[in-house]
Amino acid sequence: MAETCNSRSFSWLVKSCLPDPRREIARAPLESHHCRQPAAAAASPAVAAASPISSLPDDLLLECLSRVPLSSLPSLSLVCRRFSLLLDSPAFLDIRRSHGRLRRTLHALSFSDLGLLVSAAIHADDPATAAAAAAWDCASPIPLPTQILDGSLSHARLAAVGRSIYIIGRGATLRYDTWTGAIAPRAPTLFPRKKFAAAAIGGKIYVAGGAARTSAVEEYDPSADAWRVVAEAPLRRYGCVAAAAGGVFYVIGGLRVGGRETAGSLDAHVCAGSMDAYRVGTGAWVRGRAGAAAVAVVPGGGCVVGACGAGTHVYVLASHAVEVSFWRWEAGRGRRGGEWTRLEPPPVPGRARLGGAVRFSCAAVGDDKVVTLAYVPSTAGAEGAVLVYDIAGGEWTRGPDLPRGLRRAAFACVEC
C-alpha cells in the first residue's frame with residue numbers, strides 16, 4: 001500500500017474492506033454496524049473470509065486512515081464499525097496532527113422558530129486570512145427530532161468532543177456530527193437547567209449552574225451516553241458561562257440563586273464578575289484567598305458575558321453598561337492564586353453598544369493562537385459581527401459577518 005491514501009487510492013481502501021473469497025484467515029470476522037450476517041450464516045462452522053486491511057492492527061490502520069483527505073473522511077466513517085470507532089478516537093486526531101493534516105473549523109449553530117437547526121462553518125487555520133477573504137459555508141437547515149420540545153434549546157450550550165458538537169438544552173441533548181451533518185438525540189442532563197455553564201475536558205462534558213434547586217455538577221461520558229453527578233458547586237449560579245483551561249472547569253459570572261446567606265457570600269454585582277474553578281483530575285474545587293466565596297473576581301466589576309479557555313489561560317469578556325473589557329486569567333501567578341491581565345478591548349460596533357440587547361459567544365481556536373468572539377445583537381444592522389483576537393499579536397480583527405439566518409448563534413471549534 002502506498003504511504004499516503006489520496007483520492008485515487010481511497011476507492012481501493014474501501015474495496016479492501018469487502019471479504020475476499022479467495023483468502024481465508026483463522027479468525028472470526030469483524031462485525032459491521034451497517035451489515036450484519038444472518039443468524040444461519042453466523043452459526044455456520046465455516047470460517048468467514050476477512051479483507052487484508054481488516055487484519056492490520058489498530059496502530060497501522062490508524063496510520064493509514066490519518067492520511068485520507070478530509071473530504072473523504074465522512075464516507076470512510078460509514079464503511080464499518082471499526083473504522084467509525086477509530087476515526088472517533090483521540091489517537092486518530094493525534095496522528096493526524098503529527099502529519100500536519102489536522103484542520104480547525106469554527107461552527108456557528110442556531111435554532112429557528114420552525115424547529116430547524118441552522119449552521120454555518122468556516123476554516124479557522126489562519127484566522128487572519130479568513131477574516132480578510134473567506135466566507136461562511138452555510139449548510140441546509142436540519143429538522144429537529146420530534147421529541148425535542150419547543151423552547152428546550154432556546155438557551156442551549158455547545159461543547160465539542162472530537163468531530164461532534166453536543167447541544168445541551170433544558171431537558172434535551174443533541175449530538176451534531178460535523179462530518180455528515182446528522183443530528184441524534186442523546187441523554188438529557190439529570191437536572192433541568194437553563195442559562196448554565198458547559199465545557200469539554202478530556203473527552204467529557206461538564207455542566208454547572210442554571211438550576212435553583214441544586215448545585216450539582218454533572219459529567220457526561222459520550223461513549224456511554226450517560227450523565228453522573230461528580231461534585232457540588234460552591235455557588236448556585238444562573239446565567240453563567242464556562243471555560244476549560246489546563247484541566248480546570250471554570251464556572252463564571254451569572255447571578256447567585258437559591259441557598260442561604262452565609263459568611264463570605266458574594267453580593268449580586270460581585271457574583272456577576274466572579275468565577276469558581278473545579279479541577280477535573282482531583283475532583284476538588286480551588287479555594288479562594290482567605291476563605292473567599294470565589295477563586296477570583298474580575299477587576300473593576302462588570303458582568304461577565306463571555307469566556308473561553310486557550311491553553312492554560314482563561315479569556316473573559318465583561319460588560320460595563322457603556323463599554324466592554326477583555327481580560328486574561330493565568331492561574332498560579334501572584335499571591336492570590338492567579339493574576340488578571342487587562343487586554344485590548346474588542347472593537348464592538350458603536351450601534352451595538354447603545355442597543356442594549358446583546359449576546360456574546362466565545363470560542364478558542366487552538367491552544368495559544370486565536371480566541372474568536374461573536375457579537376450577536378438582536379437589533380437589525382449590527383447582527384452577526386465576528387471579532388477575532390490574535391493572542392500572539394494582541395490585536396483584534398473583524399471577521400466575515402455571520403449570515404442573517406443565524407439568529408442568536410453560538411460558536412464551537414472542531415478539529416478534524
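Every read-out reported here was derived from the displayed coordinates using simple, explicitly stated rules and does not represent laboratory data. What you see is a predicted model, and the numbers here were worked out from it, not measured in a lab. Backbone-built Cβ (ideal geometry, glycine too); neighbour counts: all protein chains shown.
Computed from label points 7 Å out along Cα-Cβ, the spacing between Cys138 and Val230 is 3.8 nm. Local charge for Tyr176 was computed over the other residues whose Cβ lies under 12 Å away, with Lys and Arg +1 and Asp and Glu -1, and equals +2. Seen from Val280, the other residues with C-beta closer than 9 Å to its C-beta sum to a net charge of +1, counting Lys and Arg as +1 and Asp and Glu as -1. Here the extension length gained between Asp367 and Asp390 equals 7.1 nm, from 0.36 nm per residue of separation less the Cα-Cα distance. What the Cβ-Cβ distance of Asp59 and Glu323 gives, at R0 = 51 Å and to the nearest 0.05, is a FRET efficiency of 0.45. Descending by average beta-carbon neighbour count within 10 Å, the peptides 179-192, 203-216 line up as 203-216, 179-192, the highest first. Entry for the stretch 86-221 at q = 0.09, 0.20 Å⁻¹: log10 I(q)/I(0) = -0.31, -1.25, Debye formula applied to identical alpha-carbon scatterers, no solvent contribution. Tally Lys and Arg at +1 and Asp and Glu at -1 over the other residues with C-beta under 11 Å from the C-beta of Thr189: what net charge comes out? Neighbour charge sum, excluding Thr189 itself: +4. If the segment from Asp221 to Thr146 were pulled out straight at 0.36 nm per residue, it would be longer than the present Cα-Cα gap by 24.6 nm.
You can think of it this way: the chain between Arg175 and Leu78 has 33.2 nm of extra reach, that is 0.36 nm per residue less the Cα-Cα gap.
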